[in-house]
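The next block holds one structure in the form of structure tokens; read it before the comments.
The values are calculated or read from the model by the stated rules, or taken from the named source; none is laboratory data. Treat the numbers as computed from the prediction; the structure is a model and nothing was measured. All Cβ positions, glycine included, derive from the backbone under ideal geometry; neighbour counts span all protein chains shown. Keep in mind that these areas ignore ligands, DNA and RNA; they rest on the heavy atoms of the full protein, side chains included. Shrake-Rupley method; radii C 1.70, N 1.55, O 1.52, S 1.80 Å.
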Amino acid sequence: MILFAMGLLLVIIQPSTGQFPRVCANTQSLLRKECCPPWDGDGSPCGERSNRGTCQHILLSQAPLGPQFPFSGVDDREDWPSVFYNRTCRCRGNFMGFNCGECKFGFSGRNCTERRLRTRRNIFQLTVSEKDKFLAYLNLAKNIPSKDYVIATGTYAQMNNGSNPMFRNINVYDLFVWMHYYASRDTLLGGSIVWRDIDFAHEAPGFLPWHRAFLLLWEREIQKITGDENFTIPYWDWRDAEDCAICTDEYMGGQHPTNPNLLSPASFFSSWQVICTRSEEYNSQQALCNATSEGPILRNPGNNDKSRTPRLPSSSEVEFCLSLTQYESGSMDKMANYSFRNTLEGFADPRTAISNISQSGLHNALHIYMNGSMSQVQGSANDPIFILHHAFVDSIFERWLRRHRPMLEVYPAANAPIGHNRENYMVPFIPLYRNGEFFTPSRELGYDYEYLQEPALGSFQDFLIPYLEQARQIWPWLVVAAVIGGIVTAVLSGLILACRKKRAGTSPEIQPLLTESEDYNNVSYQSHF
């Protein structure tokens, strides 16, 4: 039945969200530096006739960057997407998309006015049919070409500054693998020289917002190619896991009986081909990944370097990470201490929050533990476990947002590594999204996590935590205020008593006699004042 459904779904090809819109991947658009396609609903650019949006110059952030990338004008991703386009659609209201033809996350309906909240669930809580449907959807995405998007196979300079476009088709699943590669690839400096200390999706403040946007876009593509508007990405809760419980043929593929680095032939994931895994080869050729197949998925969970990652993360490590009050700190990269982002990403010790790049914790620990395609940053999204893993990482991010309730200003506006300031556009998404747009609770983006949903009575402890945290932060001020208030009260009380005694001493014939109790009550009242 599942295979029949997949065969039926293969004929349904819907718009995809990803990198270069097909309608803008041509000489005219590149030379004009404009990507403002018409909306099918009214035929006008950006749906302007229907008041959906207008074609406008992009507004780039002018905030200073950190020192990690000491170059300028050498990488197509700098000031994204201005090397390729400086005019794109700016959508109004709840409209979104490269032509303003879609609804923002969390909205639906013909005019995008209906709020919608979907729930992501634990993969082990899915029924057999729900789980099988999820696996079928993954395989479908691997076999359906993206209708609306293509990938770049050369840099802008290699395209002769737009006069010789270099793009190719790609399937929906690999489109997202390629985007993850493109955001994290090295900078090509010419000859055989590259700059490795650059990443637009990792090792800096944008790590969590970038992957939040990535998952939402991926989730929406599955909804569109399947017609299943209720689809959500499941997550794998790996806290305290002793092994890879999802690494079975029933779920994400078991181990090959004779080659432990390969997947079991009983899983259709064993037939999947990976792309964008040969970074050293691309660097030596000064080329981009062109999505050519590079072999099967590799995975050998648990046979990793134990000195770097001795085990999977624990519940106590996650709880310690959640207790950190600073989203970002210091250099705002993988050397940051006491940073929630850096600790969750895995470059800081999950027991102390001190940076230790010789170890891999939390998020990074899972990638290293899988010991294969997942363990190499640029090609890690080839393994479908990537999606389940990052959905759970996103849920931890969500818990932190709900607990600490940070203002948008908590996200760094300046001096972060290149591409990670609050107002920087995320590489390589078109339509454009700023980092700060996804530093917001998931329910505002239209989704929630099953294990985070508040019960009817709610969890009193979870409800109280944000207020206790705020009280903790202002406690020193309360103490100082109390001390000052006590001193002022004592001085006022002393002055009042002195005045009374003076009056009593100078005019005894006209002063009424105060009882001891009456005098005490009067002083007490003054003290309250």
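Beyond 22 Å between alpha-carbons counts as too far, so tell me which of K142/K306; K33/K104; K147/K224; K33/K142; K131/K224; K104/K224 fall in that bin.
Cα-Cα > 22 Å for K142/K306; K33/K104; K33/K142; rest within.
Given a Förster radius of 30 Å and the C-beta distance between N143 and N230 as r, what FRET efficiency does 1/(1 + (r/R0)^6) yield to the nearest 0.05? The formula returns an efficiency of 0.85 here. Between S129 and R351, what FRET efficiency follows from the Cβ-Cβ distance if R0 is 41 Å, with the result rounded to 0.05? So, using R0 = 41 Å, E works out to roughly 0.50.
Model label sites at N111 and L189, defined 7 Å from Cα along the beta-carbon direction, differ in position by 5.5 nm. Each peptide in 273-286, 200-213 gets a packing score, the mean of other Cβ atoms within 10 Å over its residues, and the list from highest to lowest is 200-213, 273-286. Accessible surface comparison of E242, E221, probe 1.4 Å, protein chains only, largest first: the order is E242, E221.
V150 sits among other residues whose Cβ lies under 14 Å from its own Cβ, and their net charge, with Lys and Arg +1 and Asp and Glu -1, is +1.
If eta is 0.692 mPa s and T is 37 °C, what Stokes-Einstein diffusion coefficient results for the stretch 336-428, Kirkwood Rh from Cα pairs, in µm²/s? Don't skip to the answer; put the middle values down first.
Working: Rh = 14.6 Å.
Result for D is 224 µm²/s.
Of K147, K334, the order by accessible heavy-atom surface (1.4 Å probe, DNA, RNA and ligands excluded), from most exposed downward, is K147, K334.
Put simply, the Cα atoms of the stretch 6-140 extend 52, 44, 30 Å along their principal axes, the longest span coming first.
Kirkwood hydrodynamic radius, computed over distinct alpha-carbon pairs, for the stretch 33-113: how many Å, to one decimal?
On the way: mean 1/r = 0.0709 Å⁻¹.
Taking every pair of different Cα atoms in the stretch 33-113, averaging 1/r and inverting gives 14.1 Å.
When S50, S129 are compared by accessible surface with a 1.4 Å probe, the order from highest to lowest is S129, S50. In whole Å, how far is the Cα centre of the stretch 195-272 from that of the stretch 348-378? Centre-to-centre (Cα) distance: 16 Å. In terms of overall dimensions, the stretch 126-182 has a Cα radius of gyration and Dmax of 15.9, 53 angstrom. Between the C-alpha center of the stretch 116-193 and that of the stretch 37-51 there is a gap of 26 Å.
Between D249 and S307, how high is the FRET efficiency from 1/(1 + (r/R0)^6) when r is the Cβ-Cβ distance and R₀ = 30 Å? Nearest 0.05. Once the sixth-power term is evaluated, E becomes 0.45. Rg over Rh for the stretch 302-381 works out to 0.97, both radii taken from alpha-carbon positions and Rh defined as the Kirkwood radius.
With a ≥ b ≥ c taken as the square roots of the eigenvalues of the C-alpha gyration tensor of the stretch 157-221, please select rounded if a/c is under 1.5 and otherwise prolate if a/b is larger than b/c or oblate if it is not? Here the stretch 157-221 falls in the oblate category. At the residue level, D132 shows approximately 50 square angstrom of accessible surface with a 1.4 angstrom probe and all protein chains present. Annotation: amide H of D448 within the under-5 Å range of R118, T119, R120, sequence separation 5 or more or interchain, hydrogens built in the peptide plane. Over all distinct Cα-Cα pairs of the stretch 196-240, the Kirkwood formula returns a hydrodynamic radius of 12.6 Å.
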